[in-house]
1. Picking from Lys35, Lys22, which residue would you name as being out of contact with any Cys (no Cβ under 7 Å at 6 or more places or on another chain), of a type in the set (D, E, K, R), assigned to a helix (DSSP H, G or I) and in contact (Cβ under 8 Å) with a residue 40 or more places away in the chain?
2. Is it fair to say Gln49 is in a helix (DSSP H, G or I) and either under 18 Å from the mean Cα position of the chain (by Cα) or surrounded by 13 or more Cβ atoms within 10 Å (Cβ to Cβ) (or both)?
3. Would you kindly identify the strands (runs of 3 or more DSSP E) lying entirely within segment 63-166 that contain at least 3 residues that are in contact with a strand residue (DSSP E or B) (Cβ under 8 Å, 6 or more places away or on another chain) and either basic (Lys, Arg) or open to solvent by 20 Å² or more (accessible area, probe 1.4 Å) (or both)?
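The values are calculated or read from the model by the stated rules, or taken from the named source; none is laboratory data. Since we're looking at a predicted model, the values are computed, not measured. Using ideal geometry, Cβ is built from the backbone for each residue, glycine included, and neighbour counts are taken over all protein chains shown. Surface areas here come from the heavy atoms of the whole protein model, side chains and all, with no ligands, DNA or RNA. Shrake-Rupley method; radii C 1.70, N 1.55, O 1.52, S 1.80 Å.
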Amino acid sequence: MWIVLKGKNKEIDFLQKNLIKKMGKDIMFYIPRYKTEIFKKNKVVTSTQLLMKNYIFCYHKNFKKRDNLNTVNFTKGLEYILKGHETNQIQIERFIKYCKSFECEKGFIQPIFFKSLLKDFGKFSSGPFKDLSFKIIEKQKNKLKILIGDLVTTVSDNQRNIYRPI
């Protein structure tokens, strides 16, 4: 059974190690990640970001038993377990499968994932427009026509432009 855990800030790896100690090596984790590029001191720096911030998906066959969930509840590095995982197994599996369909060979989610989620507004996560919000005027096959403030521009789909919906 899949559960969704919220880890304490910057303690996801610590949480994983503690869960492996408690539940054994047959526990599985899914933590969707993507790469961003930021400019620092005239250099391009690549960093890895968690798609769901502090949330991770965790699978173990024994999570169906309440005793095992209570054991997980008191794991160091864990804030809480999201409720409703028993009734939402199909949705959790569907989401994981959807995320995996956008992964590259190295396991990182590709930027096209974010384009599929965009509706009206977005925010750049990397590149020269980092942290700027925009309104989508028109979606085209390989580019977006957007409005940033009073500026209308076109942004192509490439690895440098990562944006997310807001």
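1. So the residue among Lys35, Lys22 that is out of contact with any Cys (no Cβ under 7 Å at 6 or more places or on another chain), of a type in the set (D, E, K, R), assigned to a helix (DSSP H, G or I) and in contact (Cβ under 8 Å) with a residue 40 or more places away in the chain is Lys22.
2. So Gln49 fails the test.
3. Where strands (runs of 3 or more DSSP E) fall fully within segment 63-166 and carry at least 3 residues being in contact with a strand residue (DSSP E or B) (Cβ under 8 Å, 6 or more places away or on another chain) and either basic (Lys, Arg) or open to solvent by 20 Å² or more (accessible area, probe 1.4 Å) (or both), they are 78-81, 133-139, 143-148, 151-156.
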